[in-house]
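Worksheet for the structure shown next.
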Amino acid sequence: MAELTKKSIGGFLAKQGILVAFLVFMVVFAIANPRFIDIDNISGVIRSSAILGVMALGVTFVVIGGNLDLSVGSMMSFSTIVVLDLHDKIGPALAIPGMFAMTLCLGAFIGFLVGYLKLNSLIVTLGMLSAIHGLTLTYSGGQNMDIADKQNTWFDFFGQGSMLGIPVPILIFALLAAGLSLVLSKTPFGRKVYAVGGNGTAATFSGIPRARVVFMTYILSSFCVATAGLIQASRSLGSQNTVGQGLELEVLAAVILGGASLLGGSGTVFKTVIGVLILGFIQNGLLLMGLAFYAQYVVTWVIIILAVWLDIAAKRGRLWSPIA
Amino acid sequence: MSTQTPALRLEGIVKTFPGVRALDGVSFSVMPGEVHALMGENGAGKSTLMKVLGGIYQPDEGQIFIAEDATVMSSPLQAKSKGVVFIHQELSLADELSVAENIYLGELPRKSLGRVDWEKLYAQTDDILKTLNVGFNARTKVGDLSIANQQMVEIARALTVEPRAVIFDEPTASLTDAEKVVLFEVIADLQSRDVGVIYISHRMEEIFKITDRISVLRDGQYRGTLNTKETNEEEVTQLMIGRKLDLSRNEMTHSLGPVALEVRNLSCGKLFENVSFTVREGEVVGFYGLVGAGRTEIAETIFGLREPSGGEILLDGEGVTVHSPADAIARGISLVPEDRKGQGLVLGMNCRDNMTLPQVDDMTAGPFVSDGAEIAIFDQYRDKLDIRTPGWRQMVGNLSGGNQQKIVIGKWLSMHPKVLIVDEPTRGIDVGSKSEIHNLIRELAAQGYAVIVISSEMPEVLHVSDRIVAMYAGKVTREFTAAEVTEDGLIQAISGL
Ligand SMILES: Nc1ncnc2c1ncn2[C@@H]1O[C@H](COP(=O)(O)OP(=O)(O)OP(=O)(O)O)[C@@H](O)[C@H]1O
Ligand SMILES: [Mg+2]
């Protein structure tokens, strides 16, 4: 009997390991520095994680479908610059849908290359990372983009507003996470994403149009990027051409940390949200401990490596398994 | 024999998985120079027992003795170093590597500075391959080999050490008759070298041909051991499933409906040429031939996976072009593919989701997939096919091989197709379930389905078919009705004589 409970605890740890690690981590930091669990601090962390989080939601679909998306960072810069520029030219009410349309076009292009032309997603999106950066610079002429009249616009609502006492970025993140979680776990489309990423051949034999499913994951990803760009632009009302630089790796780290396998076929929206929060709280905890913020780049890298390692170790059943 | 020490002995082995007691105190031993069959229904625990022996799983209780020395098998490599070699049921080869690299994976011969000694590697490998009489060499990429040949690579792996015991887990499931002969020679050779052989199979005729003793497992428990010479199929079956089976030929005839599927002069490059046949509603047509005769390719063409280079496909008398599997499914065609792991299942997905995958679009309530409707389908086919799983949430990859196959069959039966094509439907399925699946096929036909059964097992084809199409090297050589077919006639027709 005693053995049985021991085993079920082990099983629970293996399944919910990421959640447990998160809680342990929170407790340790909270003891080290009580300010860490201050409600203002927590809300601050979640708010600053919202942009990363929104992007990670879309990338979760791409990764479960068996592909990568490294273009989200520079695509987010693009969205931000475009919406700020259009804001002064055609007004916010038109700027927002205009920016979404342009970003979705980029997503559709990537989806076409990866889904219909069957090009390797790593190469395609890595290439798009720099191509979109070039596009952004061309669009802006290399200048920072600013809204002329920052006082008299309702555009700051998405990044700075709050409803029912909750900051709007958190609200957007939560709603989008809830919605996409339903899409992934409850709709036929979500099921097909798992099938395509889990075993593409079996998906084909089941009559699933793989190319279309992959295409749709990139559309979804670009939609999330556009949303993140909107929050970013609205928060700062002005931006450099490089605001999203490096985010693609953090996004990927959050997704993997949440337990989605890079091989495709596994992961959930909920786990990605946990991954995003872990990343946010770790970075925040380190800041509170007095580490310079650029130490975060190194820390993020360490976290990615750890997460990938644990993912592989869980599959092979052992930590140490060198290439023969 | 009883005075000898066993090559290997397992005692009181217990192994549990969440929700499953896979092994419940099993004891088992194999003598040097003996071929010992391990039999039991799908999910009885055969593979699990062997994985414990091969160091892949650690038992919860019980002990392993090698030549009466208690031993702990901590890993497959360690088991191999102790002379216990395991040839798996599910192939586990690296497609991108050469045959030689696969065979010596983890123990490649080295030169100074840890460089791989390729010359030696290839030479050693070719020596082993020569004894197996295969048509490929050490440098061939494994991904380019047929499933049968990949199986031979697995076998070659076993021959790299001086083994004390070799475990074959359903080795013949995808071998041709000629390849089986080679395999049996290999086994006889091992036997003469005093190696203990453990042989798992659902095929009675093999068991009676090559084994000395038969041990039976049922629901994770040891049921007894019989001397092969002193027993018969009935007794073994009785021990395995607790009842008798009907192994007769199909003599049932019922009235046939109109032609559901007609194929006229269908060709696909060199894979098959000028193939013509019809299948009527209510009819089971068996396709018999050797592996590589083009039967699977015909099925894939009808299912929209290959583009024909000539000829016509007619459904209900109307010419159609099937562009994709989705198209085929919409027209009421189902295909149970031959490779369950590669083509039939998403192993990381649960049982229910796998089963309902082709029809997930039609199972919605509002925008969402309806849990209830899905579970209803799963429950229905779990009962109908007797699928052993702790519940629909179980990942398909955790099921026993035979139960995985049943999930694939359930997946396509639940589509209620007009034309059902099954490619090697009972590969890896135990005798009890096999006859259930055969009965099910007959039953479906009686209900008016048009069924094509592709099989390399003659008893199966004879048992289920109303008509048999024999193929050789991409061409239809002859057609038989169930009444006129003889075994000799069939053998001639598929050998191109
Ligand atoms: N890794 C696992 N996790 C959970 N359950 C498992 C796992 N491996 C095996 N099982 C369960 O243990 C039982 C025994 O499985 P096993 O593969 O040993 O059957 P088998 O006798 O080899 O059947 P078959 O003839 O179909 O190959 C089955 O119910 C199976 O679902
Ligand atoms: Mg098995």
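The values are calculated or read from the model by the stated rules, or taken from the named source; none is laboratory data. All values reported here derive from a predicted model rather than from experimental measurement. Methodologically, a virtual Cβ is constructed for each residue, glycine included, from the backbone with ideal geometry; neighbour enumeration extends over all protein chains shown. Calculation scope for accessible area: heavy atoms of the full protein, side chains included, ligands and nucleic acids excluded. Shrake-Rupley method; radii C 1.70, N 1.55, O 1.52, S 1.80 Å.
The table for this structure:
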| read-out | value |
| --- | --- |
| 10 Å-binned pair-distance histogram of the range B:176-225 (Cα, whole percent) | 21, 51, 24, 5 |
| Segment residue B:324-residue B:265, length gained on full extension (0.36 nm per residue, minus Cα span) | 19.2 nm |
| Unit Cα scatterers, Debye sum, the range B:1-115: log10 I(q)/I(0) for q = 0.10, 0.17, 0.20 Å⁻¹ | -0.37, -0.93, -1.15 |
| Summed buried accessible area for B+A [probe radius 1.4 Å, Å², rounded to 100] | 2000 |
| Cut-off 13 Å, label 7 Å out along Cα→Cβ of residue B:383, residues of the range B:429-448 by amide N | none |
| Nearest-ten-degree value, helix B:401-413 long axis tilted from longest Cα axis of chain B | 10 |
| Assigned charges on the beta-carbon of Lys, Arg, Asp, Glu; the range B:8-241 dipole about Cα centre (debye) | 560 |
| Residues in the range A:167-195 occluded by at least 50 Å² - accessible area, probe radius 1.4 Å, against chain by itself | A:186, A:188, A:191 |
| Rounded Å value of the spacing that divides the Cα centres of the range B:26-68 and the range A:192-206 | 35 |
| Equivalent ellipsoid dimensions for chain B as semi-axes, Å, which come from the Cα gyration tensor, largest first | 39, 27, 23 |
| Volume of the Cα convex hull of the range A:21-151, divided per residue and given in Å³ | 162 |
| Probe 1.4 Å, protein heavy atoms only - accessible area per residue of the range B:435-497 in square angstrom | 39 |
| Inter-label distance, nm, simple model (7 Å from Cα along the C-beta direction), residue B:4/residue B:94 | 3.7 |
| FRET efficiency estimate (nearest 0.05) - Cβ-Cβ, residue A:289 to residue A:152, R0 41 angstrom | 0.50 |
| The range A:94-252: Rg to Rh, with Rh as the Kirkwood radius over Cα pairs | 1.02 |
| Sorted largest first, extent of the range B:259-494 alpha carbons per principal axis (Å) | 48, 37, 31 |
| Protein-only accessible surface order, largest first, of A:38, B:316, A:69 at 1.4 Å | B:316, A:38, A:69 |
| Per principal axis, descending, Cα span of the range B:118-183 in whole Å | 33, 31, 18 |
| Heavy-atom surface of chain A, accessible at 1.4 Å and reported per residue (Å²) | 46 |
| Sulfur and carbon atoms: percent of accessible area, chain B [1.4 Å] | 48 |
| Cβ charges +1 (Lys, Arg) and -1 (Asp, Glu), total dipole of chain B, debye | 860 |
| In the range B:77-123, the trypsin sites (Lys or Arg not before Pro) that fall in loop regions by DSSP, at most 15 other Cβ within 10 Å | B:111, B:115 |
| Carbon/sulfur fraction of accessible area - the range A:46-316, other protein chains in place, 1.4 Å, % | 68 |
| Full-extension gain in nm, residue B:234 to residue B:72, via 0.36 nm per residue minus C-alpha separation | 54.6 nm |
| Per-selection Rg to Rh, the range B:81-201 - Cα, Kirkwood hydrodynamic radius | 0.95 |
| Fraction of alpha-carbon pairs over 30 Å apart in the range B:8-241 - percent | 25 |
| Residue B:184/residue B:393 FRET efficiency (R0 35 Å; Cβ-Cβ; nearest 0.05) | 0.25 |
| Cβ-derived FRET efficiency at R0 45 Å, residue B:376 paired with residue B:205, nearest 0.05 | 0.70 |
| Calculated over chain A: convex hull of Cα atoms, volume per residue (Å³) | 178 |
| Mean Cβ neighbour count within 10 Å, used as a protection proxy, ranking B:46-54, B:362-370 highest first | B:46-54, B:362-370 |
| Set of aspartates and glutamates near residue B:80 by C-alpha distance (under 14 Å), chain-local residues within fewer than 8 positions excluded | B:107, B:154, B:162 |
| Burial of 20 Å² or greater, the range B:328-364 residues [accessible area, probe 1.4 Å, versus chain by itself] | B:342, B:343, B:346, B:349, B:353, B:357, B:360, B:361 |
| Radius, Kirkwood style, for the range A:174-214 when every pair of distinct Cα atoms is counted (Å) | 10.6 |
| 0 to 90° range, to nearest 10: angle between helix B:147-158 axis and chain B longest Cα axis | 0 |
| With DNA, RNA and ligands ignored, accessible area of residue B:264 (1.4 Å probe; Å², nearest 10) | 100 |
| Value in Å of the Kirkwood radius, where the range B:261-359 supplies the Cα pairs that are averaged | 14.7 |
| For the range B:58-187: accessible area per residue (Å², 1.4 Å) | 45 |
| Longest segment of chain A lacking chymotrypsin sites (Phe, Trp or Tyr not before Pro) that sit in a DSSP loop with at most 16 other Cβ atoms within 10 Å | A:1-292 |
| For the protein assembly as shown: Kirkwood Rh in Å [reciprocal of mean 1/r, alpha carbons] | 29.8 |
| Helical segments meeting 18 Å axial Cα length and Kyte-Doolittle 0.0 threshold in chain A (DSSP H) | A:2-32, A:39-64, A:72-90, A:92-111, A:121-140, A:168-186, A:210-236, A:269-288, A:295-316 |
| Spin-label model distance (nm) - residue B:81 vs residue B:255, 7 Å beyond Cα toward Cβ | 7.3 |
| Spin-label pair residue B:495/residue B:194, simplified geometry with 7 Å Cα→Cβ offset, distance in nm | 3.9 |
| Between 0 and 90°, nearest 10: helix B:118-132 axis offset from chain B longest Cα axis | 70 |
| Expected 222 nm ellipticity per residue - DSSP helices of 4 or more, -39500 (n - 2.57), all of the protein assembly as shown, to 500 | -15500 deg cm²/dmol |
